[in-house]
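Accompanying notes for the structure given below.
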Amino acid sequence: MSKKKGQRLVYSTDGGRLCPQCHRPVGDCVCGKDKPAYTGDGIVRLHRETKGRGGKAVTLVKGVPLAGVELKALAKALKQKCGVGGALKDDVIEIQGDQRDTLKAELEKRGYTVKIAGG
């Protein structure tokens, strides 16, 4: 198959769908790195969850409009404020225990709109 001028490869059996700008597989695309990490409604939601944790509760902080190092620094500050451990997984901050009231006060003090969601 000869490639004519102006034609570009759209799909490859090796990597699947390709990015139209950088011509890499969509999973390896480097074009959209300047896009915001979270494009939601601007409300930070606090969830309490026990599923898959042996009955132990954790508080999930979802919807924080930060990415990378800034989100990691916020997670660290929130853990220190509550005096507990936690983790950052897939742009969701996990704080050990039911800390929703403490986190709501702290996040509102930092200028975020916060809602307590879920049971």
(request) Could you list which residues have their amide H under 5 Å from that of Arg48, counting only those 5 or more apart in sequence or on another chain, with H placed in the peptide plane? (result) Leu60, Gly119
(request) Past 21 Å, Cα to Cα, is the threshold; run Lys51/Lys81; Lys51/Lys76; Lys56/Lys109; Lys62/Lys109; Lys62/Lys89 against it and keep the listed order. (result) Lys51/Lys81; Lys51/Lys76; Lys56/Lys109
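Rule-based calculations on the coordinates, nothing more; no lab input. On a predicted model such as this, the values are computed, not experimentally measured, just so you know.
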